[in-house]
Each structure stands twice: as structure tokens, then as C-alpha cells.
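Worksheet for the structure shown next.
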Amino acid sequence: MWNVALILAASLLSQTVDGTSAILDALDKAAVETNRFSAHFSVAKVDPLTEETERRSGEIVLSGQGAQRSAAMVIRQFIDGTGRVEQENRHFVYAKGWLTEYDRSTGHATARQLALADENYDPLRAGEGPIPVPVGQRRSDLEKGFTIAAAAFPDDPMLRGISNVAVLRLTPIEGTECAREISEIVMGWDLTTFLPVAVVAQNKDGGRTIIRFSKSVTNAQVSDASMLLLEPPAPVQGEWIRDMIPKGAS
């Protein structure tokens with residue numbers, strides 16, 4: 001899923017930079033108050049060798065908090081490095097430790113177990129989950145693997161026009177799992193709502209991933225149509241052909 005696990009792993013961390021502690025306190029407060037979240041997203045992944053860019057776009061939905069959280073992501077469009085556009089309908093649902101990808105074009109549903117039933121697993125917790133949205137994370141979970149500094153977004157067409165944001169640069173601490181592949185993350189949140197605006201992840205191999213969020217809403221503002229994405233979609237025809245992959249299986 002285009003390194004989204006690594007992107008999500010680099011969510012935040014407080015240090016002694018002026019203002020960063022207040023930002024993290026506000027984000028922690030927002031995490032407590034957020035039970036539902038939905039947003040549209042655009043992802044650009046830049047190849048480290050060719051500099052070609054692949055883009056995907058869609059919608060993401062979250063419900064619940066902590067280990068009880070469920071999530072869904074729908075990818076609706078793909079643009080390859082040549083600019084060729086394809087319509088996609090890939091649907092990912094996370095619930096109760098399982099991440100399932102539904103491919104309506106083939107009728108296959110592949111479920112991968114990310115956590116056992118007795119594990120305290122949160123798909124948004126920094127360093128653990130595969131959901132690429134820095135929402136609902138607690139400060140206590142974030143102050144474990146990264147250092148932080150005030151920053152500005154890099155000059156990129158996807159990020160132009162952004163204003164009224166808090167932007168932080170997050171550097172993984174050496175020796176952590178994230179530090180093996182990620183050199184730095186730049187993330188920004190709207191100063192009024194403290195909802196995510198964009199994420200830029202710089203890989204150590206020179207690759208780069210940018211996520212831009214739009215139409216972000218929380219709680220009662222999340223539509224019924226968005227909440228339905230948390231349910232398995234209907235196949236184009238027949239029934240789903242399911243492949244279950246338990247945790248630890250190859």
C-alpha cells in the first residue's frame with residue numbers, strides 16, 4: 001500500500017521546540033474527541049531512480065478509538081508515471097485485527113491478520129498500523145520514536161496554496177524500525193480544526209511520498225454514505241473468493 005505503514009508510523013513527537021508542545025496537546029485533545037473521521041485523499045509516490053510519479057486518489061473513513069477502531073480506504077483513480085489514467089475500485093477494510101482488500105474487478109477478497117484477538121492493536125498507532133492518516137493518536141504513543149522541529153512544507157505542486165497550518169518535521173530516532181527506511185516526515189494540520197492537511201515522507205533510498213487531504217470532517221459530520229464504506233462492498237457478480245492469511249503466515 002505504497003509505504004503507507006511507514007508514513008503513518010511517523011506521526012508526531014514533542015521536543016523543546018517553541019510551540020510544538022502546545023500543538024501536540026491540541027492534537028491529543030482532538031484525538032480524545034474524535035470518534036469518526038472521513039476525508040478525500042490524493043497520494044503521489046515518486047520513484048527514487050526515474051523520478052516518475054504515480055498518483056492515487058480516493059476516500060478514507062475511521063470509526064472508534066484505540067484498539068476498537070475500524071477503518072476503510074477506497075482507491076478510485078490511478079495515474080501512472082506517463083500520465084495514463086485508470087479508474088480503480090480497490091476497497092480496504094480494517095476491523096478486529098484483519099485488513100481485507102476487496103477487488104471488485106476480480107471478485108477476490110484477501111484478508112491479512114495484523115493482530116491477534118488479545119492484542120492491544122490500534123491501526124493508527126505510530127509505528128504499528130497501515131492507515132495513512134495522523135488522526136486519533138495520543139501524545140503518549142507519539143513520544144517514543146521521533147524527534148521534532150518546526151518546519152514548512154517543501155515546494156511541491158500538490159502542497160501549494162496551503163495556509164493556516166501547523167507544520168512539523170519528524171525525524172525517526174536511530175535504531176527504531178521506522179528509521180531503517182525513512183529519513184524524515186513533514187506533516188501539517190489545520191490550525192482551527194487540527195485535522196490533517198498533508199504528509200510528506202522522505203525515504204532513505206531517495207523516494208518520496210506525498211499525501212494531501214481534503215474535505216475532512218469528524219463525528220456527526222461524517223456522512224452515512226462514508227460510514228457504509230466500513231462494510232464489505234458487494235462483488236460485481238457472484239460471491240467473494242476469499243483468501244485468509246493469518247498473522248505470521250508468509
_I'm told ALA225 meets every condition in (1) out of contact with any Leu (no Cβ under 6 Å at 6 or more places or on another chain); (2) in a strand (DSSP E or B); (3) modelled with pLDDT of 90 or more; (4) of a type in the set (Gly, Ala, Ser) except one. Can you identify the failing condition by its number?_
(2)
*Out of the residues in segment 151-174 that are hydrophobic (A, V, I, L, M, F, W, C) and over 11 Å from GLY188 (Cβ atoms), which is surrounded by the most Cβ atoms within 10 Å (Cβ to Cβ)?*
LEU170
_If I filter segment 24-40 for residues that are under 15 Å from THR209 (Cβ atoms), among the aliphatic types (A, V, I, L, M) and in contact (Cβ under 8 Å) with a residue 40 or more places away in the chain, do I get at least one hit?_
no
*For segment 130-141, name all the residues that are crowded, with 18+ Cβ neighbours inside 10 Å and either among the acidic types (Asp, Glu) or not in a loop (DSSP other than H, G, I, E, B) (or both).*
ASP141
*Read through the list (1) within 25 Å of ILE60 (Cα to Cα); (2) loosely packed, with under 14 Cβ neighbours inside 10 Å, then give the number of the only condition that LYS144 fails.*
(1)
*When residues of segment 41-55 are limited to those that are surrounded by 17 or more Cβ atoms within 10 Å (Cβ to Cβ) and in contact (Cβ under 8 Å) with a residue 40 or more places away in the chain, the one farthest from the chain's Cα centre (by Cα)*: VAL46
*Please enumerate the residues belonging to segment 143-169 that are more than 25 Å from ALA179 (Cβ to Cβ) and among the small types (Gly, Ala, Ser).*
GLY161, SER163
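Run down ASP243, ASP205 and say which single residue is assigned to a strand (DSSP E or B) and more than 17 Å from the chain's Cα centre (by Cα). If you could, list the steps in order and put the result at the bottom.
Details: ASP205 fails: assigned to a strand (DSSP E or B).
Within the list ASP243, ASP205, the selection yields ASP243.
Report yes if GLY248 is part of a loop (DSSP other than H, G, I, E, B), over 21 Å from the mean Cα position of the chain (by Cα), without any contact (Cβ under 8 Å) to a residue 60 or more places away in the chain and farther than 29 Å from THR53 by Cα, otherwise no. It would help to see each step written out before you state the result.
Details: part of a loop (DSSP other than H, G, I, E, B): yes; over 21 Å from the mean Cα position of the chain (by Cα): yes; without any contact (Cβ under 8 Å) to a residue 60 or more places away in the chain: yes; farther than 29 Å from THR53 by Cα: yes.
Criteria met by GLY248.
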*For segment 188-236, which residues satisfy the criterion of being within 21 Å of ARG90 (Cα to Cα) and in contact with a Gly (Cβ under 8 Å, 6 or more places away or on another chain)?*
PRO235, VAL236
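Filter segment 141-176 down to residues that are acidic (Asp, Glu) and under 23 Å from ASP28 (Cβ atoms), then give me how many there are. Lay out the reasoning, then the answer.
The first filter runs over segment 141-176 and keeps only residues acidic (Asp, Glu), leaving 141, 143, 155-156, 174.
With the extra rule that they be under 23 Å from ASP28 (Cβ atoms), the set shrinks to 141, 143.
Number satisfying all stated conditions: 2.
The values are calculated or read from the model by the stated rules, or taken from the named source; none is laboratory data. Here the structure is a predicted model, which is why all the values come from computation and not from measurement. Note that we place each Cβ from the backbone using ideal geometry, even for glycine, and neighbour counts take in every protein chain shown.
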